[in-house]
Amino acid sequence: MLKNILNEQWQLMLKYDWYDPNTKVNGTQIANGSNLTAADIKFSTVAFGVTHYITPALKILAYYDVIKNESTGMDGFKTDVQDNVFTLRMQLRF
């Protein structure tokens, strides 16, 4: 979702997505010693950000992804892994 705020130079972003590569199992079935791996873990992401158009050819974007994985019985994924991502980007069109 994109929404202009204040004026046309400011834009607010909001996004939600999920990825479940193996819908036939849940997190408690993914454990050490099973035939399942970290590639079977479900992830969901809520992201939000803001863009400021400094000029028609120059913009700056700040964006934050909050990434959550399902709890499993596998070492390293028993709780949510702290893998949130902050992005700061400047783009110049020429």
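The values are calculated or read from the model by the stated rules, or taken from the named source; none is laboratory data. On a predicted model such as this, the values are computed, not experimentally measured, just so you know. Cβ atoms come from the backbone with ideal geometry, glycine included; neighbour counts cover every protein chain shown. Just so you know, the surface numbers come from the protein's heavy atoms only, side chains and all, with ligands and any DNA or RNA stripped out. Shrake-Rupley method; radii C 1.70, N 1.55, O 1.52, S 1.80 Å.
Some notes on this structure:
- Of the options (i) 2, 11, 13, 11, 7, 6, 5, 5, 5, 5, 5, 5, 5, 4, 4, 3, 2, 1, 0, 0; (ii) 3, 13, 26, 28, 20, 8, 1, 0; (iii) 3, 12, 18, 15, 12, 10, 9, 8, 7, 4, 1, 0, only one is P(r) over Cα pairs in 5 Å bins from 0, in percent as computed from these coordinates, and that is (iii).
- Under the criterion of Cα pairs below 8 Å and six or more residues apart, the relative contact order for the chain equals 26 percent.
- All other residues whose Cβ lies under 13 angstrom from that of Trp10 are scored, Lys and Arg at +1 and Asp and Glu at -1, for a net of +1.
- The slack in the chain from Lys68 to Ala38, taken as 0.36 nm per residue of separation less the alpha-carbon distance, amounts to 9.4 nm.
- Accessible surface of the chain [probe 1.4 Å, protein heavy atoms]: carbon and sulfur percent: 60
- Dipole of the chain, positive direction: furthest Cα of Asn84, Ile60, Phe48, with charges on the beta-carbon: Ile60
- Two-site FRET efficiency, Asp17 against Asp75, from Cβ-Cβ distance with R₀ of 35 Å, rounded to 0.05: 0.85
- FRET E, pair Asn84, Ile54, Förster distance 30 Å, beta-carbon r, rounded to 0.05: 0.65
- Mean accessible surface per residue for the chain, computed with a 1.4 Å probe while every protein chain stays in place, in Å²: 72
- Above-threshold pairs, the threshold being 18 Å between Cα atoms, out of Lys15/Lys59; Lys42/Lys68; Lys42/Lys78; Lys3/Lys59: Lys15/Lys59
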